[in-house]
1. Can you name the residue in the stretch 12-29 that is at negative phi and of a type in the set (Asp, Glu) and is also surrounded by the fewest Cβ atoms within 10 Å (Cβ to Cβ) among such residues?
2. Checking residue 6 against (1) in contact (Cβ under 8 Å) with a residue 12 or more places away in the chain; (2) surrounded by fewer than 12 Cβ atoms within 10 Å (Cβ to Cβ); (3) touching a Phe, Trp or Tyr at 6+ places or on another chain (Cβ under 9 Å), which test does it fail?
3. How many residues does the stretch 211-239 contain that are touching a Leu at 6+ places or on another chain (Cβ under 8 Å) and in a strand (DSSP E or B)?
4. What do you reckon, is residue 38 modelled with pLDDT of 80 or more and touching a strand residue (DSSP E or B) at 6+ places or on another chain (Cβ under 6 Å)?
5. Quick one: would you say residue 162 is charged (D, E, K, R) and within 30 Å of residue 122 (Cβ to Cβ)?
6. Find the residue count for the stretch 190-199, including only residues that are more than 29 Å from residue 175 (Cβ to Cβ) and loosely packed, with under 14 Cβ neighbours inside 10 Å.
7. Please go through the stretch 133-145 and pick out each residue that is surrounded by 14 or more Cβ atoms within 10 Å (Cβ to Cβ) and out of contact with any helix residue (DSSP H, G or I) (no Cβ under 6 Å at 6 or more places or on another chain).
8. Take residue 172 and decide whether it is out of contact with any Gly (no Cβ under 9 Å at 6 or more places or on another chain), without any contact (Cβ under 8 Å) to a residue 60 or more places away in the chain, outside the structural domain of residue 96 (by TED's automatic domain parsing) and under 21 Å from residue 233 (Cα atoms).
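The values are calculated or read from the model by the stated rules, or taken from the named source; none is laboratory data. Keep in mind that this is a model prediction, so the values were computed, not measured. Positions of Cβ are backbone-derived with ideal geometry, glycine not excepted, and every protein chain shown enters the neighbour counts.
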Amino acid sequence: MKSHMKCDIPYIDDVGYNKDSITNIISLKDMTNKFRATMDSKEELALLVHMPDKTVKLKQFMNGLYAMDPNDKESFEMKTQKPYQFLNTQEGNIRFMSARQQKRATLARELYESMGTPTVDDLKAMIRMNLMKNDVVTTAEVNLGMKAYGPDIWGIKGKTTRSQLTPVASNLVKIPEELLDIQHGLIISMDGLTVNSLKLPSTISHDLYYRTAQYVTSPVASVYEICMDEQLGVYKRGGFTISEIHCHNESHK
């Protein structure tokens, strides 16, 4: 096959061209003059060409030539690009508006701000119901103003301030002395609970039917002693005296 024509492909100039061929043939010499080429025949019979924005894989075909199939997604790998984000600017929004449209958009924006930056739907409803006297702004111009200037920044951040918090008042009621005298010597019973593999020593008073439960970090005697002191302290702070504690034999250890 003879070819007397040249063509340009991305990154490489003066490549041989034949209108009857189904692909371009590039020599390894011309390829390595432009890019770095690597090959590891132990991993795969393919030639990797490292281009600025991607890595092209030329696989070995049955005829012994190396070629890339554009329809094969595994024939190239795009390199990771830095993330980016498109921004809209006010100048860019009004660039394609006529002078009259810009004037009407500004007028709609002034009305929007003078009304305290309500929602767009509320502002349109106010215009449709003629709630504003001598209003010359239409709902279409409201849309034009939002397209040109965007939503109000302070409206996005919030229009209200923190409301005054309700003072926290104590709802504790002092226990009458008569009740304390009757329940002077309380009798409580204790036992152990297991909830989702968590150990919880629990107590309940015989007359008051007041129950306590507390989590223990480790099932050892020293930790149980600290837990019991804290649970009995609840009764002592209430002015009660514990006279008896009933428990099973395991708790005596």
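1. Here is the first cut: in the stretch 12-29, the ones at negative phi are 12-13, 15-29.
Still in the list and also of a type in the set (Asp, Glu): 13, 20.
On the way: 13: 10, 20: 6.
Only one residue fits best here, namely 20.
2. (1)
3. Within the stretch 211-239, the first condition is being touching a Leu at 6+ places or on another chain (Cβ under 8 Å), and the residues that meet it are 213-216, 235, 239.
Pick out the ones that are also in a strand (DSSP E or B) and you get 213.
Adding up the residues that qualify gives 1.
4. Numbers: modelled with pLDDT of 80 or more: yes; touching a strand residue (DSSP E or B) at 6+ places or on another chain (Cβ under 6 Å): yes.
Here the answer is yes, as residue 38 does meet what is asked.
5. Values: charged (D, E, K, R): yes; within 30 Å of residue 122 (Cβ to Cβ): yes.
Yes.
6. Result for the stretch 190-199: 5.
7. Within the stretch 133-145, 138, 143 meet the criteria.
8. yes
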